[in-house]
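What follows draws every value from the coordinates through simple rules; no lab data is involved. All figures in this text were calculated on a predicted structure; none of them were measured in a lab. Cβ atoms come from the backbone with ideal geometry, glycine included; neighbour counts cover every protein chain shown.
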Amino acid sequence: MSSKEGKKKDFDFIVIGAGISGPFIAHEICKTGATVLMLEAGPHFNRDTYPCKEIDSNSQLYWGGGIELNTDADIGILRPKVVGGGSIVNQALLDRFDKIALDSWKDVSGADFFTQAKMAPWYDAAESELTIQEIPAQYRNGNALIFKDGFEKNGFNWAPLVRAQKDCRFEDGNDCIECLSGCRIDSKQSTPVTVLKKALELGLTLESEFEVKNLRWAEDVVTIMGVNRYGEHEAYRGRKVVLGAGAIGNSRLLLNSGFKKKLPALGKNFYTHPQSMLLGLYDKAINAHKGPLQSLKSNDASFRANYFKLENVFAPPVAIAMLVPGLAKQHLSVMKRYAHMACIEVAVRDTNPGEISVTGSGRPRVVKRLNAFDRDTQAKGFKAIHQIFKATGAKQIVDGRFTIGLHLMGGLNLGTDPSRSVTSPDFNLHGFKNIYAADSSVFPNAPGINPSFTIMAVSKMAAAKIIQHAS
Ligand SMILES: Cc1cc2nc3c(=O)[nH]c(=O)nc-3n(C[C@H](O)[C@H](O)[C@H](O)COP(=O)(O)OP(=O)(O)OC[C@H]3O[C@@H](n4cnc5c(N)ncnc54)[C@H](O)[C@@H]3O)c2cc1C
């Protein structure tokens, strides 16, 4: 019997992508008793099976074998491909948007619900699905202490980071750098241990390692075509479809399915919060790879006004080796001091939108550049980090040699105007009443704040509207 025979093919809802938004929405829909299929291109790991070696996790948890590049090859794009999506590989730092970000979204999109008061119940609803904690001060590692000391010596304001985590058991000596490849103790509140788990208990059908290639629209049914884990072409039909394949994934799918003619803004308005990691090398051991990976962030009004933020962060050796400039002995001399490195990252609230298109073979092509304003913002962040490292006695400062894009946002930006946006404030694509999106692709612009909490909140809001439309 073929793997396709005897399978259910028709569903009330099909959700594409099992990242953050997809499971949040699927969970709500499953509560109504509707039949829901979720299709995810990546594999389904669990705490016992996440890849252990950094090099394996890069190749097994990300598209493009670990990293993709923009057309200028100066921004490394990190795009998760695994059940749980970004919630498996990310740092789970959760921030509600401030007035600055929401005012800007309201202006650009015309959607009246982008205010702190109207978003608050949806953030609360998202929060009710998770455990959120601040890292207790006694567990801050050497990297965090440099960050704090440097901030205070320069008169900058800092704040503790807040994470979706349950019990990281720092007293047992756990090193959270490992959780960039999936949390081995299920402390990180990824969707597979929260809303996806609940959706599966309510009857969600999840098919992993199924890459959706195309969708064909009709008013009463959407046909989803893709390739399953056996390399076979397979099709499913959904009365309604929810796109949760992320900024690049959703744009790619709709572009490959011929939607550009009806949705002129498709693929535009793409932002990444370009991030750069700088290293400070100290005589003493810092051991930034030990204990909680990140625990502090900037909380400085002047940084916010200048469109950047700083976070205390680090990365495993392969990633650090990619950031360190130079070759052979020069490169090795820096890498040998891995345990003596402190690391701070600057993230830019980028103002120059990029554009996602597809190549002749249907692969995504990302044009994304920093304009003069964004480069100036980045330079301001570098300056602040140099001040921090110098004030705390760094013997050498190494600027990471390329920029990383890991907050991938836009491409299906939400708005009231169909000529300038793709997704309506009701979360259906303009002109397509049975195709919805509420993930990172609907972001109207770059907020300059960690996106995932807002993806969860917006997905909760969208799910309520989708269910209302369906009834
Ligand atoms: C290393 C790293 C650290 C981060 N840290 C933080 C943080 O601390 N805080 C924060 O707020 N944000 C963080 N982020 C960003 C955050 O994880 C993302 O913004 C978030 O995951 C986006 O959610 P999403 O649901 O839109 O898409 P994703 O989580 O990316 O999920 C999309 C899913 O769709 C699947 N998919 C794509 N195309 C197809 C297809 N054709 N067929 C089937 N499936 C498909 C993908 O494989 C993926 O699993 C981080 C990201 C990275 C990479």
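Semi-axes of the equivalent ellipsoid for the stretch 18-162, computed as √(5λ) from the eigenvalues of its C-alpha gyration tensor and ordered from largest down, come to 29, 26, 19 Å. Using every pair of separate Cα atoms, the Kirkwood estimate puts the hydrodynamic radius of the stretch 286-412 at 16.7 angstrom. Straightening the chain between ARG420 and MET322 buys 31.5 nm, computed as 0.36 nm per residue apart minus the Cα-Cα spacing. Taking each of LYS260/LYS368; LYS99/LYS260; LYS309/LYS395 in turn, the alpha-carbon distance tops 28 angstrom for LYS99/LYS260.
Taking 0.36 nm per residue of sequence separation and removing the Cα-Cα distance, the TYR139/ARG363 pair yields an extension gain of 76.3 nm. Binning the C-alpha pair distances of the stretch 1-48 at 5 Å intervals from 0 yields a P(r) profile of 5, 18, 22, 21, 19, 11, 4 %, listed from the shortest bin outward.
Regarding the stretch 359-462, what's the average projected area of the Cα-atom convex hull, expressed in nm²?
10.1
Computed from the alpha carbon positions, the gyration tensor of the stretch 159-234 leads to an equivalent ellipsoid with semi-axes of 37, 15, 13 Å, biggest first. Here the Debye sum runs over all C-alpha atoms of the stretch 192-349 as equal scatterers in vacuum, and log10 of I(q)/I(0) at q = 0.16 Å⁻¹ comes out as -1.01.
Summary value for the chain: 24 percent relative contact order, contacts being C-alpha pairs under 8 angstrom separated by 6+ residues. Using label points projected 7 Å from each Cα along Cα→Cβ, tell me how many nm separate ILE397 and MET335, to one decimal. The answer from the label model is 2.5 nm.
Between the Cα long axis of helix 142-154 and the first principal axis of the chain there is an angle of about 70°, rounded to the nearest 10. With a cut-off of 18 Å on the backbone N, the residues of the stretch 183-207 near the modelled label site 7 Å out from LYS31 along Cα-Cβ are 191-205. Per-residue Karplus couplings for the stretch 71-88, computed as 6.51 cos²θ - 1.76 cosθ + 1.60 with θ equal to phi - 60°, are listed in order as 5, 7, 6, 10, 10, x, 9, 9, 10, x, 9, 6, 4, x, x, x, 6, 7 Hz, Gly and Pro entered as x.
Shown is the FRET efficiency for LYS433 and ASP72, computed with R0 = 41 Å from the Cβ-Cβ distance and rounded to the nearest 0.05: 0.60.
Between ALA159 and ALA285, the FRET efficiency from the beta-carbon distance, with R0 = 30 Å, is close to 0.70.
Restricting things to alpha carbons, find the Rg to Rh ratio for the stretch 187-281 using the Kirkwood radius for Rh.
With Rh from the inverse mean 1/r over Cα pairs, Rg/Rh is 1.07.
When the P(r) of the chain is calculated, the portion above 44 Å amounts to 10% of the C-alpha pairs.
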